[in-house]
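Engineer: One structure follows; several queries about it will come next.
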Amino acid sequence: MSACKRLLSDMKLWSFGRSRWTSRARDGMVVRGKAFSSSTCPKVCVVGGGPAGFYTAQHLIKGRQDVQVDVYERLPVPFGLVRFGVAPDHPEVKNVINTFTQTAKHSRCSFYGNVNVGQDVSVGELLQAYHAVILSYGAEGNRSMGVPGEHLAGVYSAKDFVGWYNGLPSCRELNPDLSCDTAIVLGQGNVALDVARILLSPLDFLKKTDITQPALEALAASRVRRVWIVGRRGPMQVACTIKELREMATLPGTRPEMTPADFDGVRDALKDLSRPRKRLTELMMKTALEPPGEKERERWGAASRVWGFRFFRSPVEVLPDSGGKKVAAVRLAVNRLEGSGEAAQAVITGEVEDVPCGLVISSIGYKSLPIDPAVPFDPRRAVVPNSMGRVQQVSGLYCSGWVKTGPTGVIATRRYSDSFDTKCDSLIEDIDSGVNPVAFSDWEKIDSLEVRRGEVCGKPREKLLSVEEMLAVARS
């Protein structure tokens, strides 16, 4: 049973009086000593205003005609990963914001930004005020490489680097040093390719996107001319999709440079691959091994920038420069594979190689973080332990999205596999810690200003970069 069906099933129990929530609704609810009257309509709180949160709200509203949904978001602005994680040159992916906006404006849905659940209000207080609380707050932590030197200057997580060029307030002071010739991206998923593409894209391409102005200026001055995308396994195990690979293969001003020996035996294995994996691998082999056509040959000949996959390599140490403070190289262990296909495991051979670089971006995954001491959390898997979305240790508590499953899939998959799919205005009034929530209509003021700022310089929008700026506009 999916998480959405699980919650909707539980709602039926509420309706028929077979749950503790029925007596709570009949007797009223109490938050910080204040009694609330309540109707028989299920009232659900969704914590997190990103894709999982909005898909959850959408499914709930469609699944039951009397449910009321409140969406709480830590930042003053909604949409989470769509706004701060999707590459600026992928505007088509951001079109889902239109759907989320319809959900936010639904008569049975309310959005409250600038509310930090776990600090401004506890999960326990939410559980007192709502029939159910659904944690959908995503994965904002970084997975550590766990190697010496990973904290040297010039080493960044992909989450922070992406947040920097996408205008995430907590990353606006990142100011990555792009004065080096060579960058290494650790990981071979879509985010890794997004980072590599942004580092190497022609400035004229980026000027037409909603990339932040500080990032645009830094990339204009960048000296990065070579990006190696490093993975511990081989060509048949890369985690990116064919769309991202095709974008790299056709990126103007660049040419690919790979090691032909890494593809030994791959052609013979193509027949056993699934169709999507086969198409991806064939494109990779074509890019790496086949002589380019006339137009491609001309483009490669004029290219000033180089990129390539480096397979069968795992980082074992980030090496410092002579001053001991900044990255100068990455020491990579050379691997071999045991097994075949996507289940193949990388095994260290004992051989190592040092690759000089001045910039390292680790794209080995995100992880969710604990939100409240009262909420169970599995630190090893970085998820809230659950059974089909139900947090069994806490009655009335559910989870969806990455905090439920771990960071897997793309935005669209969360709509169907991970999300569930109400309103307690008194709770907002009772938050006595000085929080002033941002309503969706306040967000629309921010949105309107950003679009107007973008029009001035020919961009879709020019984002506000600090929470203070966002709140000032929302309160205007």
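Engineer: Can I get the semi-axes of the stretch 144-364's equivalent ellipsoid? Compute them from the C-alpha gyration tensor as square roots of 5 times the eigenvalues, in angstrom, largest first. All intermediate terms of the calculation are to be shown ahead of the outcome.
Structural biologist: Values: eigenvalues 148, 103, 49 Å².
Values for the stretch 144-364, descending: 27, 23, 16 Å.
Engineer: Right, another one. Excluding same-chain residues fewer than 8 positions from Lys295, which lysines have a Cα within less than 28 Å of its Cα?
Structural biologist: Straight-distance partners of Lys295: Lys207, Lys208, Lys243, Lys278, Lys286.
Engineer: Translational diffusion coefficient of the chain at 25 °C, 0.890 mPa s, Stokes-Einstein with Kirkwood Rh over Cα pairs, in µm²/s as a whole number. Present the calculation step by step, with values, prior to reporting the outcome.
Structural biologist: On the way: Rh = 24.1 Å.
Translational diffusion coefficient: 102 µm²/s.
Engineer: With n ≥ 4 as the cut-off for DSSP H runs, can you work out [θ] at 222 nm for the chain, using -39500 (n - 2.57) per run divided by the number of residues, rounded to the nearest 500? List each step's numbers first, then the result.
Structural biologist: Working: 19 runs with 164 residues, N = 476.
My calculation for the chain gives -9500 deg cm²/dmol from helical runs alone.
Engineer: Rounded to the nearest percent, how much of the accessible area of the stretch 318-357 (1.4 Å probe, protein heavy atoms only) is carbon and sulfur?
Structural biologist: On the way: 1150 of 2280 Å².
Summing carbon and sulfur atoms, their accessible area is 51 percent of the total for the stretch 318-357.
Engineer: For the stretch 210-216, in order, what is each residue's ³J(HN,Hα) by Karplus, 6.51 cos²θ - 1.76 cosθ + 1.60 with θ = phi - 60°, in whole Hz (x at glycine and Pro)?
Structural biologist: 9, 4, 5, 4, x, 5, 4
Engineer: If you don't mind, another one. With both partners inside the chain, how many of the DSSP beta bridges are antiparallel, as a percent to the nearest 5? If you can, show how the numbers build up before the last one.
Structural biologist: On the way: 25 of 63 bridges.
Of all bridge pairs located within the chain, approximately 40 percent are antiparallel.
Engineer: Using the charge dipole of the chain (Lys, Arg: +1 at Cβ; Asp, Glu: -1 at Cβ; taken about the Cα centre), state which of Gln65, Asn95, Pro235 has its Cα farthest towards the positive end.
Structural biologist: The one lying farthest along the dipole's positive direction is Gln65.
Engineer: Is there a quick way to get the dipole size of the chain? I mean about its Cα centre, with the Cβ of Lys and Arg at +1 and of Asp and Glu at -1; what is the value in debye to the nearest 20? Don't jump to the answer; show the numbers that get you there.
Structural biologist: On the way: 63 positive and 54 negative charges, 254 e Å.
With only Lys, Arg, Asp and Glu charged at Cβ, the dipole is about 1220 debye.
Engineer: How big is the gap, in Å, between the Cα center of the stretch 156-221 and the Cα center of the stretch 327-363?
Structural biologist: Centre-to-centre (Cα) distance: 23 Å.
Engineer: May I ask which residue of Ser476, Thr56, Ala328 lies farthest towards the positive end of the charge dipole of the chain, with charges of +1 (Lys, Arg) and -1 (Asp, Glu) on Cβ and the Cα centre as origin?
Structural biologist: Checking the options against the dipole of the chain, the answer is Thr56.
Engineer: For the stretch 144-364, build the charge dipole from Cβ charges (+1 Lys, Arg; -1 Asp, Glu) around the Cα centre, then report which of Pro315, Gly149, Ser363 sits farthest towards its positive end.
Structural biologist: Ranked along the dipole, the leading option is Ser363.
Engineer: Could you pull the accessible area for Lys105 with a 1.4 Å probe, rounded to 10 Å²?
Structural biologist: 120
Engineer: Here is a follow-up. Report, for the stretch 144-364, the % of DSSP beta bridges that are antiparallel, rounded to 5.
Structural biologist: On the way: 16 of 37 bridges.
Restricted to the stretch 144-364, the bridges split so that about 45 percent are antiparallel.
Engineer: Same structure, new question: Once you list every other residue whose beta carbon is under 10 Å from the beta carbon of Ala333, what net charge do they have if Lys and Arg are +1 and Asp and Glu are -1?
Structural biologist: On the way: positive: Arg232, Arg313, Arg331; negative: Glu317, Glu351, Glu353.
Computed value for this residue: 0.
Engineer: Under a 1.4 angstrom probe, counting protein chains only, how are Glu353, Glu298 ranked by accessible area, largest first? Write out the running numbers ahead of the final one.
Structural biologist: Details: Glu353 65, Glu298 115 Å².
Sorted descending by solvent-accessible area, the residues read Glu298, Glu353.
Engineer: Here's a follow-up. For Gly189, which sequence-distant residues (separation of 5 or more, or a different chain) have an amide H within less than 5 Å of its own amide H, given hydrogens modelled in the peptide plane?
Structural biologist: Under 5 Å from the amide H of Gly189: Ala239.
Engineer: Here's something else I'd like to know. Please identify every one of the trypsin sites (Lys or Arg not before Pro) in the stretch 293-342 that sits in a loop by DSSP and has no more than 13 other beta carbons within 10 Å of its own beta carbon.
Structural biologist: Numbers: sites: Lys295, Arg297, Arg299, Arg305, Arg310, Arg313, Lys325, Lys326, Arg331, Arg336; in loops: Lys325.
Counting only loop positions with at most 13 other Cβ atoms within 10 Å, the trypsin sites (Lys or Arg not before Pro) in the stretch 293-342 are Lys325.
The values are calculated or read from the model by the stated rules, or taken from the named source; none is laboratory data. In this text the structure is predicted, and so the values were computed from the model without any measurement. We place every Cβ from the backbone using ideal geometry, glycine too, and count neighbours over all the protein chains shown. All accessible areas refer to the heavy atoms of the entire protein, side chains included, with ligands and DNA or RNA removed. Shrake-Rupley method; radii C 1.70, N 1.55, O 1.52, S 1.80 Å.
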